[in-house]
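Let me begin by presenting the structure, written as C-alpha cells, before commenting on it.
The values are calculated or read from the model by the stated rules, or taken from the named source; none is laboratory data. Remember, predicted model here, so these are calculated numbers, not experimental data. We place every Cβ from the backbone using ideal geometry, glycine too, and count neighbours over all the protein chains shown. Remember, those area values only see protein heavy atoms, side chains included, never the ligands or the DNA or RNA. Shrake-Rupley method; radii C 1.70, N 1.55, O 1.52, S 1.80 Å.
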Amino acid sequence: MDVAIAVLFAAVALLVVITFAKAVRIVPQQRQDVVERLGKYKRTLNPGLNLLVPFIDAVRTKVDMREQVVSFPPQPVITSDNLVVSIDTVLYFKVVDSVRATYEISNFLQAIEQLTVTTLRNVIGSLDLERALTSREEINRHLSGVLDETTGRWGIKVTRVEIKAIEPPASIRDSMEKQMRAERDRRAAILNAEGQKQSQILTAEGEKQAAVLRADGNRQAQILQAEGQAKAIRTVFSAIHQSNPSQKVLAYQYLQALPQIANGQASKIWVVPAELTKALEGLGGALGGLAQAAGDVPTPEAESDASAVEREAAEAARAAAAAAQEVHDQVRAAEAQVSSRPTVQPQGLPAPEPVPPTSLLGDTTASQEPNDRA
C-alpha cells in the first residue's frame with residue numbers, strides 16, 4: 001500500500017512539472033513564436049516570459065526576426081547574344097510578419113530562390129554579355145524591386161540583392177583576356193610614345209637654350225677679348241710714343257723677331273739674304289727720316305740708355321752674321337758635292353756672292369765707336 005501511494009505521489013509530481021513546463025514559455029530577443037490553440041492560430045508570443053494553457057496551446061513555428069543572408073547556387077542564364085553565363089546571387093531579407101510568413105507560404109526560402117532565378121533570367125535575357133558585365137547595379141535594383149513586390153504579401157522584406165559573380169564560357173574568357181591584353185598593349189604603346197615625345201621636346205628645348213647661352217657666352221668673350229686687345233694696342237702705342245725710341249732700338253727689335261720667324265713649323269731652311277744690312281739701313285733711315293720729319297728726337301733720358309741698347313744690338317748683329325756665314329758655308333759645300341758628280345747639271349741661277357760677316361755689322365760697329373769714345 002505504501003508503494004502504491006509513493007508511485008501515485010511521484011506521478012502527480014511529474015504531471016505538475018510537465019504542466020508547468022508547458023504553461024511557461026520564455027522567448028528570446030528577435031524571435032516570435034506562433035501559438036495555436038487546438039490547431040487554430042491563437043496568438044504570437046513576443047520576447048520574454050509568456051504563459052500558455054497546458055495541453056491546449058502549442059507553438060507552431062519559431063520565426064527568426066533578424067535579417068538573414070542566403071547564397072543561391074550558380075544558375076545558367078542565356079544573354080541576348082546567345083551566350084550562356086553562370087550567375088551567383090546573394091539575397092538579404094528579413095521577416096516582418098511571422099503569421100503571414102507561416103500561413104501564407106509553406107517554404108518562403110525556396111519560393112524566394114525560384115523567384116530570383118526566373119527574374120534574373122528575364123533581366124539578363126534582355127542584355128548582351130558586355131552590358132550584363134557592366135550593369136550590375138541596374139540588375140540589382142530590378143531584382144530588388146520585383147522580389148520586394150512579390151514577397152511583401154508573404155510578410156517578408158527583401159532588403160538587398162547582389163550578383164556575386166558572372167562567369168562567361170571559357171572561350172569567351174580567353175577572347176576577353178586577349179582583348180584586354182591588346183588594349184593594355186595599346187595604352188602602353190601610347191604612353192611610351194607620349195613619353196618619348198615629351199623627352200625629345202624637352203631635349204630639344206634644352207639644346208636650344210644651351211646653344212643660345214653658348215652663343216651669348218662666345219659673343220661676350222669675343223667682345224671682351226676685342227676690348228682687351230684694343231686696350232693693349234692703345235697701351236703699347238701710348239708707351240712707344242712716350243718712350244720716343246730711336247731707329248737703333250727699332251732695328252734691335254727687328255733682329256730679335258728674326259729667330260721667332262725662323263722657328264715656324266713650316267720653315268725647314270731659312271737663309272739670311274745678303275741685302276739684310278741694306279734693308280736694316282733702309283729701314284733705319286726711313287724711320288729716322290720720319291722721326292726727324294715729325295720732330296721725334298730722343299729725349300735725354302732715352303739717350304742715356306741708348307748705349308746699352310746699341311751694345312746689345314751689336315751683339316745680336318754679330319750673332320746673326322755668324323749664323324748667316326754658317327748657312328752660306330753649308331750651301332757652298334752642298335754645291336761643291338753636286339758639281340763633283342759626272343752627271344750633267346741643269347742650267348740654273350748663278351750662285352750668290354759670299355756675304356762677309358763684316359758687311360752684316362755695317363754701320364753698327366761704326367756707330368758703336370763714337371759711343372765708346374764718349
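Note on K22 and E315: their simple-model spin labels are 15.4 nm apart, each label 7 Å out from Cα toward Cβ. Contact order, relative form, for the stretch 51-183: 31 percent (alpha carbon pairs under 8 Å, 6 or more residues apart, mean separation divided by residue count).
Heavy-atom surface analysis with a 1.4 Å probe gives the stretch 159-253 a carbon and sulfur content of 57 percent of its accessible area. Here R31 and Q114 are evaluated by their C-beta separation; at R0 = 41 Å the FRET efficiency comes out at 0.95. Using modelled backbone amide H atoms (1.01 Å from N, in-plane), which distant-in-sequence or interchain residues come within less than 5 Å of R60's amide H? Residues meeting the amide H criterion: V34, V35, E36. All distinct Cα pairs of the stretch 95-226 go into the 1/r average, and the inverse of that average, the Kirkwood radius, is 21.2 Å.
Can you give the charge dipole size of the stretch 16-91 about its Cα centre, rounded to the nearest 20 debye, using +1 on the beta carbon of Lys and Arg and -1 on the beta carbon of Asp and Glu? Could the numbers behind the result be given before it?
Working: 10 positive and 7 negative charges, 144 e Å.
Charge dipole, the stretch 16-91, about its Cα centre: 700 debye, nearest 20.
Would you mind working out the accessible area per residue for the stretch 1-88, using a 1.4 Å probe, and quoting it in Å²?
On the way: 5960 Å² over 88 residues.
Result: 68 Å² of accessible area for each residue.
Distance between the 7 Å Cα→Cβ label points at A239 and S199: 5.7 nm. Spin-label pair R184-V59: with each label point 7 Å from Cα along the Cα-Cβ axis, the two points sit 5.7 nm from one another. Extension gain for E227-A11 works out to 64.1 nm (0.36 nm per residue, less the C-alpha to C-alpha distance).
Would you mind checking the pairs K22/K157; K40/K94; K42/K157 and listing those with alpha carbons more than 28 angstrom apart?
Working: K22/K157 33 Å; K40/K94 25 Å; K42/K157 24 Å.
Over 28 Å apart, Cα to Cα: K22/K157.
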